[in-house]
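Shown next, in structure tokens, is the structure this report addresses.
The values are calculated or read from the model by the stated rules, or taken from the named source; none is laboratory data. Here the structure is a predicted model, which is why all the values come from computation and not from measurement. Positions of Cβ are backbone-derived with ideal geometry, glycine not excepted, and every protein chain shown enters the neighbour counts. Just the protein is used for accessible areas: all its heavy atoms, side chains included, with ligands, DNA and RNA removed. Shrake-Rupley method; radii C 1.70, N 1.55, O 1.52, S 1.80 Å.
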Amino acid sequence: MSEIRLSITGMSCAGCVSSVEDALNNVDGVDEASVNFADHTASVTGSAIVEVLIKAVVDAGYGATELVSSGADEVAEKQQQDFLHYQQLIKKSWVAALVGIPLFVASLLGILPAIESTIDQIFWLAVGIVTLIIMYYSGAHFYIGAVKSFFNHNANMDTLIALGTGVAWLFSMLVVVFVDYFPKESQHVYFEATAIIISLINLGSALESKARGKTSQAIKRLIGLQPKTALVIRNGQELSIPIEQVGLSETIKVHPGERIPVDGKLIDGSSSVDESMLTGEPMPVQKTKGDEVTTGTINKTGSFLFVSTRIGKDTALAHIIEMVRRAQASKPAIGRLVDKVSAVFVPIVLIVAVITFLIWFNIGYGITFALIASVTVLIIACPCALGLATPISIMVGVGKAAEHGILIRNGEALQQAGKLDVVVLDKTGTITQGKPSVTNILSLSHVSDQECLSLAASIESSSEHPLAQAIIEEANSNNLVIKSYEDFDSITGKGVKAKIDKQLVLFGNDRLMRQYSVDISELKEESKIRSQEAKTPIYLAIDGKAAAVITIADPIKEDSVEAVKQMQKSGLRVVLLTGDNSVTAKAVAKSVNIIDIVADVMPDEKAEKIKQLQSDGYKVGMVGDGINDAPALAGADVGFAIGTGTDVAIESADIALMRGSLYGVVNAIHISKSTTKNIKQNLFGAFVYNTLGIPVAAGILFPLFGILLNPMFAGAAMALSSLTVVSNANRLRNIRLGGEK
């Protein structure tokens, strides 16, 4: 199953979203199609062919092109297209205003002639023709869109604008040409209203487009991290080549101050690297031989050589950009509901406009009054603000999170994070640093400390687990021999076993020792003491006899205490869930002031604990490393993967915390609450605008206060409503987050 991204043109309001989605979902091979009104794109998953998808969109009355790259060139091209579109809208707005404003001012001053003679008719006929030219030049896209929608049995914003301005112009021309057939009180023309409405709507669309461009700043910044060239070493020569020509296993040189062009591993030299734009962590990270470096990060001090391991769309940066894009284009439940409402909104407005006309005409207010009221209803009722309310906030919220090293995979996760009641924390690498070291070795008399450490390092030599790495590093620092093994077996949640020098070696927790009937009574006291110090004791047995207990300590992260405090302060219940023994778990929990502890659990039991909390009525967030905790992360309402962002394991969670700090959870929840609040503000404003605007436009205040809304003011109000929604969403960019150094 593949994903295809399309750029959609011709969408004018939220009603268009449903039309395009329906067209795409009806194509054979489409599993799911989602259209984002905020950035005018569509994401389609399935096996459908691109050409067929584009044809379906075109047949529905819109335009489509495939977005084939996530690189800087595509973004630059789209920025240029958006800017040209903005300039075009501004130009169209000014041209229409040059006709509409003088007519409006002259009308207010009372210097325009009444239609009382042939000369007057010729004057107004000329004005009508000029207005028609304006309608063609500045408003053709409305009328073309309305016609396409009509033939596709749809109705959208174009329908409302085209009907409103078209009816006003046609009525005015009929009055000019057949003035004698209209009563004196109905001999009014609305050419200035037609021109000014078109001007205002184009101006509103232009300003909205410009403001909307700010919502994708996060994507632009991320793409801007990718250097355009790389300094590769081929056949002993240094060559500066375009980034697209860099291959796998290339040797690349990076000077101080340069951005790292692709993902790779250091092979010579050392330096400190600024990873803040990817992780949100401001402190540079020291890199030496064997360490991984990531695309877009900045080399701060020394020059070094590295070999490329991931290029193009496989780099961590490319994955991050794609993840942010998908999240920005996704829809939470509230967004899907709004799309359904918007799809039926325009047809309802058309019915309301007809009813408005019939009521005022039949109770004796005349055709002019009835026409003004119905046209004003058409103009003011456009659901643009309604359609923008959710996606525009999602785009800004997800982008804001990405800038702080928080990768949110979809809009649903963004919405759900703010509803959590309980946050369940894994211990190793989550509360602790995940970079443990050996602190104590207690061996029994028949074997030496050095031999025990050598055997432990040998049996763990192929493991990537942090505890295993600590033992291997300790053995290497003591220049111990790492031996080969055979008949290796990993026992989930207990430890490992293998044959080394024809001896059966067991290395794990007390459950592993019990399984193989190993007596560890001589080591129990040492194990208890170290556990109370928040250290992890691991037993070593040789040929069924206890040999040693090796103790590993994993320091608490600097900001874990404050992050947990902030969670609890916000009303969250915090639970420590670990496979470690209860004594160690209690010691760690005490250091970060967590009361609820669940220890000695297997990986599948972690998932069961999540289910148990959910069955008690809690909304549960799980925070883990994304590998051992995958079942629990997947089962939680929101899964948070702690990691560097370069690990594919982040795919198992709803939210990936690249900085590796628990403050990422605090900030993700804060962004979620702020974004959800922003969406509700937008929806409230849009609904109130339409709920109040339509009755006022229909003339409900006229019998009581003599107020009848002018269609020009309706056009201004409509444009302002969309601009207000976009501006409100952009306020999310100013959220203050905690834990920054």
Worksheet item: Assuming Leu414 fulfils every condition listed in (1) of a type in the set (A, V, I, L, M); (2) under 30 Å from Ala668 (Cα atoms); (3) open to solvent by 60 Å² or more (accessible area, probe 1.4 Å) apart from one, which condition is it?
Response: (3)
Item to complete: Look at the range 580-608 and say how many of its residues are of a type outside the set (Asp, Glu), assigned to a loop (DSSP other than H, G, I, E, B) and either open to solvent by 50 Å² or more (accessible area, probe 1.4 Å) or out of contact with any helix residue (DSSP H, G or I) (no Cβ under 7 Å at 6 or more places or on another chain) (or both).
Response: 3
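It is to be established whether one or more residues within the range 86-103 are open to solvent by 60 Å² or more (accessible area, probe 1.4 Å) and modelled with pLDDT under 85.
Start the filter on the range 86-103 by keeping residues that are open to solvent by 60 Å² or more (accessible area, probe 1.4 Å), which leaves 87-88, 91, 94, 98, 101-102.
Adding the requirement that they be modelled with pLDDT under 85 leaves none.
Within the range 86-103, none of the residues are open to solvent by 60 Å² or more (accessible area, probe 1.4 Å) and modelled with pLDDT under 85.
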Worksheet item: So, in the range 680-700, of the ones that are part of a helix (DSSP H, G or I) and open to solvent by 90 Å² or more (accessible area, probe 1.4 Å), which residue ends up modelled with the lowest pLDDT?
Response: Leu692
Discussion item. Among the residues that make up the range 609-622, is at least one of them in contact with a Ser or Thr (Cβ under 9 Å, 6 or more places away or on another chain) and either closer than 30 Å to Glu275 by Cβ or not in a helix (DSSP H, G or I) (or both)?
Written reply: no
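Would you mind stating whether Ile556 is open to solvent by 30 Å² or more (accessible area, probe 1.4 Å), of a type in the set (A, V, I, L, M) and either touching a Leu at 6+ places or on another chain (Cβ under 6 Å) or at positive phi (or both)? Let's see the steps before the verdict.
Working: open to solvent by 30 Å² or more (accessible area, probe 1.4 Å): yes; of a type in the set (A, V, I, L, M): yes; either touching a Leu at 6+ places or on another chain (Cβ under 6 Å) or at positive phi (or both): no.
So Ile556 does not fit the description; no.
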Practice prompt. Only residues that are assigned to a helix (DSSP H, G or I), touching a residue at least 60 places away in the same chain (Cβ under 8 Å) and surrounded by 14 or more Cβ atoms within 10 Å (Cβ to Cβ): list them for the range 143-164, please.
Written response: Gly145, Lys148, Ser149, Met157, Asp158, Thr159, Leu160, Ile161, Leu163, Gly164
Worksheet entry | From the options Gly224, Gly264, Gly257, residue that is open to solvent by 30 Å² or more (accessible area, probe 1.4 Å), under 32 Å from the mean Cα position of the chain (by Cα) and either within 30 Å of Val398 (Cβ to Cβ) or without any contact (Cβ under 8 Å) to a residue 24 or more places away in the chain (or both) | Gly224
Practice prompt. Within the range 235-245, count every residue that is part of a strand (DSSP E or B) and touching a strand residue (DSSP E or B) at 6+ places or on another chain (Cβ under 8 Å).
Written response: 5
Discussion item. Cβ-Cβ under 7 Å, sequence separation 6+ or interchain: first residue in the range 81-110 and among the hydrophobic types (A, V, I, L, M, F, W, C), partner not in a helix (DSSP H, G or I). Which pairs?
Written reply: Ala106/Leu112
Worksheet item: Arg736 passes all but one of (1) touching a Ser or Thr at 6+ places or on another chain (Cβ under 9 Å); (2) open to solvent by 40 Å² or more (accessible area, probe 1.4 Å); (3) within 30 Å of Met567 (Cβ to Cβ); which number fails?
Response: (1)
Discussion item. Residues that are closer than 20 Å to Ala417 by Cα, part of a helix (DSSP H, G or I) and in contact (Cβ under 8 Å) with a residue 24 or more places away in the chain: does the range 702-722 have at least one?
Written reply: no
Worksheet item: What number of residues within the range 188-235 satisfy the criterion of being over 30 Å from Tyr143 (Cα atoms) and modelled with pLDDT of 85 or more?
Response: 9
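Might you check whether a residue that is closer than 30 Å to Leu350 by Cβ and at pLDDT 80 or above occurs anywhere in the range 394-414? Step through it out loud before you land on a result.
As a first pass, look at the range 394-414 and keep what is closer than 30 Å to Leu350 by Cβ: 394.
Adding the requirement that they be at pLDDT 80 or above leaves 394.
Among the residues of the range 394-414, at least one is closer than 30 Å to Leu350 by Cβ and at pLDDT 80 or above, which makes the answer yes.
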Worksheet entry | Those residues of the range 545-556 which are touching a helix residue (DSSP H, G or I) at 6+ places or on another chain (Cβ under 7 Å) and either assigned to a loop (DSSP other than H, G, I, E, B) or among the hydroxyl-bearing types (Ser, Thr, Tyr) (or both), in sequence order | Thr551, Asp554
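Step by step: first the residues of the range 521-542, then only those that are of a type in the set (D, E, K, R) and open to solvent by 70 Å² or more (accessible area, probe 1.4 Å), then the one that is farthest from Ser437 (Cα to Cα). Which residue is that? Break it down into steps so the answer makes sense when it comes.
We begin by selecting, within the range 521-542, every residue of a type in the set (D, E, K, R); these are 522, 524-526, 528, 530, 533, 535.
Add one more test, that the residue is open to solvent by 70 Å² or more (accessible area, probe 1.4 Å), and what stays is 522, 524-525, 528, 533.
Working: Glu522: 24, Lys524: 21, Glu525: 21, Lys528: 18, Glu533: 14 Å.
Within the range 521-542, the match that is farthest from Ser437 (Cα to Cα) is Glu522.
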Worksheet, complete the sentence: Exactly one of Asp616, Asp637 is crowded, with 18+ Cβ neighbours inside 10 Å, modelled with pLDDT of 90 or more and either among the β-branched types (Val, Ile, Thr) or more than 29 Å from Ser531 (Cβ to Cβ) (or both), and that residue is Asp637
Worksheet entry | Unmet criterion (only one of (1) in a helix (DSSP H, G or I); (2) over 28 Å from His85 (Cα atoms)) for Ile115 | (1)
Worksheet item: Looking at this structure, is Val518 open to solvent by less than 70 Å² (accessible area, probe 1.4 Å), in a loop (DSSP other than H, G, I, E, B) and at pLDDT 90 or above?
Response: yes
Worksheet item: Here are Ala589, Ala585: which of them is of a type in the set (Gly, Ala, Ser), in contact with a strand residue (DSSP E or B) (Cβ under 8 Å, 6 or more places away or on another chain) and in contact (Cβ under 8 Å) with a residue 60 or more places away in the chain?
Response: Ala585
Worksheet item: Which numbered condition trips up Arg336, out of (1) open to solvent by 10 Å² or more (accessible area, probe 1.4 Å); (2) at pLDDT 80 or above?
Response: (2)
Discussion item. Condition first: at pLDDT 90 or above, open to solvent by less than 70 Å² (accessible area, probe 1.4 Å) and over 47 Å from the mean Cα position of the chain (by Cα). Can you find one or more residues in the range 456-475 that meet it?
Written reply: no
